[in-house]
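**Student:** Below are the structure tokens for one structure; questions will follow.
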Ligand code: NAD
Ligand code: GLY
């Protein structure tokens, strides 16, 4: 079978790595086997994804390799220090050494925790991302942010640790639930807002195809999202500047996720409501028009995403939770806002009264 595959690169010097994108890459190529170094492999996945895709992955691995599968419980609430310990227990019991490659097969939860496990195991081993949700394919599998949550804050314990390769089999999206699929579209919308006004217009014009998972529309949306993410990460791998723009809506969104309890709102849903808040705050500061806020609300609604924060979540609750955000420096909260459509900025001069006005409206 001939397979369509687009290859992009995250340009990080001698740590440069490929992102392969195409349908059936897990079934009809040897990309995964080729990305593995050494003869020891740990595939980390969860109990939902294992019955769907674990066999396809295992079939690609060298027959003579020592292979262990670690199957986690499913859910953001398991992205914890405790689960990380469970992974290490299993991997050590199976006597994996430093030549092991960790393969993350799943959505952002599996990808983030597996990447962090790979960063820590014997001070760092190879790892490969095989993302199976739209959110993971357009965002979390690329760029090397790995983490677990802490009860006091999202992604608070983690490391920057890049994969050796990212293999995006777009056919895996066929089994993804509608809610999880829509959550991934939130991050796609983010890229247009922060980086590419033309892409934003294209997303608006193709909202029906996006919602119905039209293969051509989806393929371009994933490719363009990965291109933007790869460009930003290559320019600022460890978020000392530009990379912070990828967090549009995330300061508000993480507060929602923490407040509601991990897993109650999907990450992408919280980001969608958070992006509306960030763009509305930008409009209150006159850098974009009120019309853009309305247009964004319509787009997100058409894509099946929430545009309002959970009822009853007050500005004081938001401010309290946001003061723990990783972007806080010297006690000053920093927000990603829009300087214009397609251009994001990080600001640290948002006043408390602006936040009260924005949130309690
Ligand atoms: P998720 O990993 O929880 O996956 C959502 C659900 O879909 C889960 O129930 C999962 O089992 C299921 N699933 C996955 N693939 C499937 C498939 N192909 N078919 C059927 N079901 C499937 O959630 P997510 O939205 O992928 O990721 C959210 C996480 O990603 C959050 O923890 C967030 O903090 C993190 N994240 C990280 C980064 C980063 O740069 N590292 C960026 C964005 C988000
Ligand atoms: N999702 C934010 C980042 O990768 O920086």
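The values are calculated or read from the model by the stated rules, or taken from the named source; none is laboratory data. From a predicted model like this one, the values you see are computed outputs, not experimental measurements. Cβ placement follows ideal geometry from the backbone for every residue including glycine, while neighbour counts extend to all protein chains displayed.
**Student:** Taking the condition surrounded by fewer than 20 Cβ atoms within 10 Å (Cβ to Cβ), under 22 Å from residue 121 (Cβ atoms), at pLDDT 95 or above and touching a helix residue (DSSP H, G or I) at 6+ places or on another chain (Cβ under 9 Å), does residue 71 pass?
**Tutor:** Numbers: surrounded by fewer than 20 Cβ atoms within 10 Å (Cβ to Cβ): yes; under 22 Å from residue 121 (Cβ atoms): yes; at pLDDT 95 or above: yes; touching a helix residue (DSSP H, G or I) at 6+ places or on another chain (Cβ under 9 Å): yes.
Criteria met by residue 71.
**Student:** Check the stretch 154-171 and report whether any residue there is more than 16 Å from ligand 2 (Cβ to nearest atom) and assigned to a helix (DSSP H, G or I).
**Tutor:** Looking for residues that are more than 16 Å from ligand 2 (Cβ to nearest atom) and assigned to a helix (DSSP H, G or I), one finds at least one in the stretch 154-171, hence yes.
**Student:** Here's a follow-up. Can you tell me which residues in the stretch 85-100 are buried (at least 20 other Cβ atoms within 10 Å of the Cβ) and not in a helix (DSSP H, G or I)?
**Tutor:** Selection gives 96, 100.
**Student:** Follow-up. Would you confirm whether any residue within the stretch 223-235 is more than 22 Å from residue 305 (Cα to Cα), in a helix (DSSP H, G or I), away from ligand 1 (no atom under 13 Å from the Cβ) and touching a residue at least 60 places away in the same chain (Cβ under 8 Å)?
**Tutor:** The answer is yes, given that some residue of the stretch 223-235 is more than 22 Å from residue 305 (Cα to Cα), in a helix (DSSP H, G or I), away from ligand 1 (no atom under 13 Å from the Cβ) and touching a residue at least 60 places away in the same chain (Cβ under 8 Å).
**Student:** What residue, of 77, 82, is surrounded by 14 or more Cβ atoms within 10 Å (Cβ to Cβ) and part of a helix (DSSP H, G or I)?
**Tutor:** Values: 82 fails: surrounded by 14 or more Cβ atoms within 10 Å (Cβ to Cβ).
So the residue among 77, 82 that is surrounded by 14 or more Cβ atoms within 10 Å (Cβ to Cβ) and part of a helix (DSSP H, G or I) is 77.
**Student:** Something else now. If we scan the stretch 137-149, do we find a residue that is under 12 Å from the mean Cα position of the chain (by Cα) and over 21 Å from residue 236 (Cβ atoms)?
**Tutor:** Just the residues of the stretch 137-149 that are under 12 Å from the mean Cα position of the chain (by Cα), to begin with: 137-147.
Narrowing further to those that are over 21 Å from residue 236 (Cβ atoms): 137.
Checking the stretch 137-149: at least one residue is under 12 Å from the mean Cα position of the chain (by Cα) and over 21 Å from residue 236 (Cβ atoms).
**Student:** Still on this structure, I have one more. Would you confirm, using the coordinates I've provided, whether residue 231 is within 30 Å of residue 34 (Cβ to Cβ) and more than 16 Å from ligand 2 (Cβ to nearest atom)?
**Tutor:** no
**Student:** Still on this structure: Pick out the one residue from 183, 221 that is within 26 Å of residue 283 (Cα to Cα), crowded, with 24+ Cβ neighbours inside 10 Å and under 17 Å from the mean Cα position of the chain (by Cα).
**Tutor:** Being within 26 Å of residue 283 (Cα to Cα), crowded, with 24+ Cβ neighbours inside 10 Å and under 17 Å from the mean Cα position of the chain (by Cα) holds for just one of 183, 221, which is 183.
**Student:** Could you tell me whether any residue of the stretch 289-301 is buried (at least 19 other Cβ atoms within 10 Å of the Cβ) and farther than 18 Å from residue 199 by Cα?
**Tutor:** For the stretch 289-301, residues buried (at least 19 other Cβ atoms within 10 Å of the Cβ) and farther than 18 Å from residue 199 by Cα: absent.
**Student:** What helices (runs of 4 or more DSSP H) completely inside the stretch 245-361 contain at least 1 residues that are under 17 Å from residue 186 (Cα atoms) and touching a helix residue (DSSP H, G or I) at 6+ places or on another chain (Cβ under 9 Å)?
**Tutor:** The qualifying helices (runs of 4 or more DSSP H) are 250-260, 267-284, 290-302.
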